[in-house]
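> First the structure, then my questions, so here it is.
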Amino acid sequence: MPNTNHEQRRDAIRQLLLERPAATQGSLVATLRAAGYGATQSGVSRDLKEIGAIKTPAGYELPTGSRDDDDQLTAVAELLRTIQPAGPNLLVVKTAIGAAQRVALAFDRSNWPEVIGNIGGDDTVFVATESGIAQKNLITRIEHTARSR
């Protein structure tokens, strides 16, 4: 009988991604099933998002930023309101009133490779990324970091 415990499956995915990138979600499903886990593509997709995995040219990987880098945004996570793509290379991050400068500084100090630069106003931060993939990865990282607080 397959193991369907979500946390154990997520731990298994983390271990697999620490060893090497996974080319596709399908390859992860096959590897997990061979290890005795109940896995579907949609479930693995949710798991990847939950653990903060990002898609790179090599496949799915865990972000390489240090915990200190993530801590910068974790410290201001409660100030975030919404994250919305605005074209392929720009994110509009809405914050609590008067908090955009603090959030923009956290992005600057995070040293996340997806962030090229940002501009903070009163309650809005514009964050520039180098590509659409970097933008999607950044959204995943922000959401994962905010949930981790």
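> Treating only the Cβ atoms of Lys and Arg (+1) and Asp and Glu (-1) as charged, compute the dipole magnitude of region 67-148 about its Cα centre; round to the nearest 20 debye.
Result for region 67-148 is approximately 180 debye, rounded to the nearest 20.
> Could you pull out every residue, at least 5 positions away or on a different chain, whose amide H is within less than 5 Å of the one on THR56? Hs are placed 1.01 Å off N in the peptide plane, and Pro or chain starts have none.
GLU61
> Then there's this: Calculate the length of the line joining the C-alpha centroid of region 70-113 to that of region 30-54, in whole Å.
28 Å
> Follow-up question, since we're still on this one. Can you give the angle from 0 to 90° between the axis of helix 25-34 and the longest principal axis of the chain, with both taken from C-alpha atoms, to the nearest 10?
40 degrees
> Beta carbons within 10 angstrom, averaged per residue: use that to sort the peptides 105-112, 18-25, highest first.
105-112, 18-25
> Sticking with this structure for a sec: Compute log10 of I(q)/I(0) for the chain with the Debye formula, placing one identical point scatterer on every Cα and leaving out solvent, at q = 0.18, 0.21 Å⁻¹, to two decimals.
The calculated log intensity ratios at q = 0.18, 0.21 Å⁻¹ are -1.00, -1.21.
> With an 8 Å cut-off on Cα pairs and a minimum separation of 6 or more residues, tell me the relative contact order of the chain in percent.
Computed over the chain, the figure is 21 percent.
> Give the angle, between 0 and 90 degrees and rounded to the nearest 10, that separates the Cα long axis of helix 6-19 from the longest principal axis of the Cα atoms of the chain.
Around 80 degrees separate the two axes.
> How far, in degrees from 0 to 90, does helix 41-51 lean away from the longest principal axis of the Cα atoms of the chain, to the nearest 10?
It is inclined by approximately 50 degrees.
Bear in mind these aren't lab numbers, they're just calculated from the coordinates by the rules spelled out. Just so it is clear, the structure is predicted and the values come from calculations on it, not from any experiment. FYI the Cβ positions are ideal-geometry reconstructions off the backbone, even for glycines, and counts take in every protein chain you see.
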